[in-house]
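Trainee: Structure incoming, see below.
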Amino acid sequence: MQRALIVIDVQNEYETGGLKIEYPPFAQTLARVGEAMDAAHAAGIPVVVVQHSMAAGAPVFAAGSHGWQLHETVARHPHDHHVEKHQASALAGTDLGSWLRQRGIDTLTVVGYMTQNCDDSTVKQAAHEGFAVEFLSDASGALALANRAGHATAEEIHRVTMVVMQSNFAAVLTTGEWIATLASGAAPERDNILASHRRAHGAA
């Protein structure tokens, strides 16, 4: 197993801008992102920092704005590659996939924001492209949404996304669990839709 830690969009927009992370609390998840970066560096795991950019004058992530800038927690950590993206998935329209494959990386550990958007789309595209994926549930976060399809709290969105990811697309762990796997070499537990469905109905 050759891992890379993918740190997605840990930018000021999510702390002080128009898209404030609500659940889990931003300060808590930010601390876990820092811990994951420290652990990856100590273990010799490449760290990729991803930054979302939009055109100058955009309401969020406007290139060059304070909200667009990387949060200082991430900016002060060393990293091996920087990716600027313009779509939700860090693999869409970027050099990330080729950079990973050139280095023989087959497993992506994803942290950052937002759970249901850039994280989710990156996880699913990575899975479809043949990477094994790990997602750190306490180093990511969501915000509430309401539109013509309905309303969902940040907690609902984050919780349900974790269950769906674990059922098919990624091994979902806490940061502490992930760091323990780095030390032990144990493979994280994975699941599938059929077993998850049976379990939901009380079947083994």
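The values are calculated or read from the model by the stated rules, or taken from the named source; none is laboratory data. What you see is a predicted model; the values in this text were computed from it and never measured. A quick note on method: Cβ atoms are made from the backbone with ideal geometry, for glycine too, and the neighbour counts reach across all protein chains shown.
Trainee: Quick test for you: out of ALA90, ALA43, ALA62, pick the one residue that is over 21 Å from GLN28 (Cα atoms), aliphatic (A, V, I, L, M) and surrounded by fewer than 16 Cβ atoms within 10 Å (Cβ to Cβ).
Mentor: Just a single option satisfies the conditions, and that option is ALA43.
Trainee: To continue, here is another question. In segment 109-164, which residues are among the hydrophobic types (A, V, I, L, M, F, W, C), in contact with a Ser or Thr (Cβ under 8 Å, 6 or more places away or on another chain) and under 22 Å from GLU35 (Cα atoms)?
Mentor: Across segment 109-164, the qualifying residues are VAL110, VAL111, MET114, CYS118, ALA132, VAL133, PHE135, LEU136, ALA139, ALA142, MET162.
Trainee: For segment 189-204, what are the residues that are under 16 Å from MET162 (Cβ atoms) and of a type in the set (Lys, Arg)?
Mentor: Once the filter is applied, which keeps residues that are under 16 Å from MET162 (Cβ atoms) and of a type in the set (Lys, Arg), segment 189-204 yields ARG190, ARG199.
Trainee: State all residues of segment 106-118 that are crowded, with 20+ Cβ neighbours inside 10 Å and out of contact with any helix residue (DSSP H, G or I) (no Cβ under 8 Å at 6 or more places or on another chain); if no residue qualifies, say none.
Mentor: Those that are crowded, with 20+ Cβ neighbours inside 10 Å and out of contact with any helix residue (DSSP H, G or I) (no Cβ under 8 Å at 6 or more places or on another chain): ASN117, CYS118.
Trainee: Tally time: how many residues in segment 184-203 are of a type in the set (A, V, I, L, M), more than 27 Å from TYR113 (Cβ to Cβ) and part of a helix (DSSP H, G or I)?
Mentor: Residues that pass the stated criteria total 3.
Trainee: Inside segment 87-105, can you point out the residues that are in a loop (DSSP other than H, G, I, E, B) and over 16 Å from the mean Cα position of the chain (by Cα)?
Mentor: Correct list: GLY93, THR94, ASP95, ARG103, GLY104, ILE105.
Trainee: Filter segment 128-137 down to the residues that are on the phi < 0 side of the Ramachandran plot and part of a loop (DSSP other than H, G, I, E, B), then identify the one that is farthest from the chain's Cα centre (by Cα).
Mentor: GLU129
Trainee: Related question: Which of the residues that make up segment 165-202 are under 19 Å from SER140 (Cα atoms) and small (Gly, Ala, Ser)?
Mentor: Across segment 165-202, the qualifying residues are SER167, ALA170, ALA171, GLY176, ALA180.
Trainee: What tally of residues in segment 1-51 results from selecting those that are of a type in the set (Phe, Trp, Tyr) and touching a helix residue (DSSP H, G or I) at 6+ places or on another chain (Cβ under 6 Å)?
Mentor: Total meeting the criteria: 2.
Trainee: If you don't mind, another one. In this structure, does GLY18 turn out to be under 20 Å from ILE157 (Cα atoms) and more than 16 Å from the chain's Cα centre (by Cα)?
Mentor: Criteria met by GLY18.
Trainee: With the structure loaded, tell me whether ASN168 is buried (at least 18 other Cβ atoms within 10 Å of the Cβ), polar (S, T, N, Q) and not in a loop (DSSP other than H, G, I, E, B) or whether it fails that test.
Mentor: Considered against the rule, which asks whether it is buried (at least 18 other Cβ atoms within 10 Å of the Cβ), polar (S, T, N, Q) and not in a loop (DSSP other than H, G, I, E, B), ASN168 comes out as no.
Trainee: Then there's this: Identify all residues within segment 175-187 that are within 17 Å of the chain's Cα centre (by Cα) and surrounded by fewer than 17 Cβ atoms within 10 Å (Cβ to Cβ); write none if there are none.
Mentor: The answer is GLY176, and nothing else.
Trainee: Got a number for residues in segment 138-165 being in contact (Cβ under 8 Å) with a residue 40 or more places away in the chain, more than 16 Å from ASP191 (Cα to Cα) and either outside any helix (DSSP H, G or I) or β-branched (Val, Ile, Thr) (or both)?
Mentor: 9
Trainee: Taking the criterion of being modelled with pLDDT of 95 or more, of a type in the set (Phe, Trp, Tyr) and under 19 Å from GLY44 (Cα atoms), would at least one residue in segment 81-100 satisfy it?
Mentor: The answer is yes; a qualifying residue exists.
Trainee: Please identify the pairs in which a residue from segment 1-28 that is closer than 30 Å to ILE105 by Cβ has its Cβ atom under 7 Å from the Cβ atom of a residue that is outside any strand (DSSP E or B) and small (Gly, Ala, Ser), counting only partners at least 6 apart or on another chain.
Mentor: From segment 1-28, the pairs are GLN2/GLY104; LEU5/ALA36; LEU5/ALA40; ILE6/ALA90; ILE8/ALA90; GLN11/GLY67; ASN12/GLY67; GLU13/GLY67.
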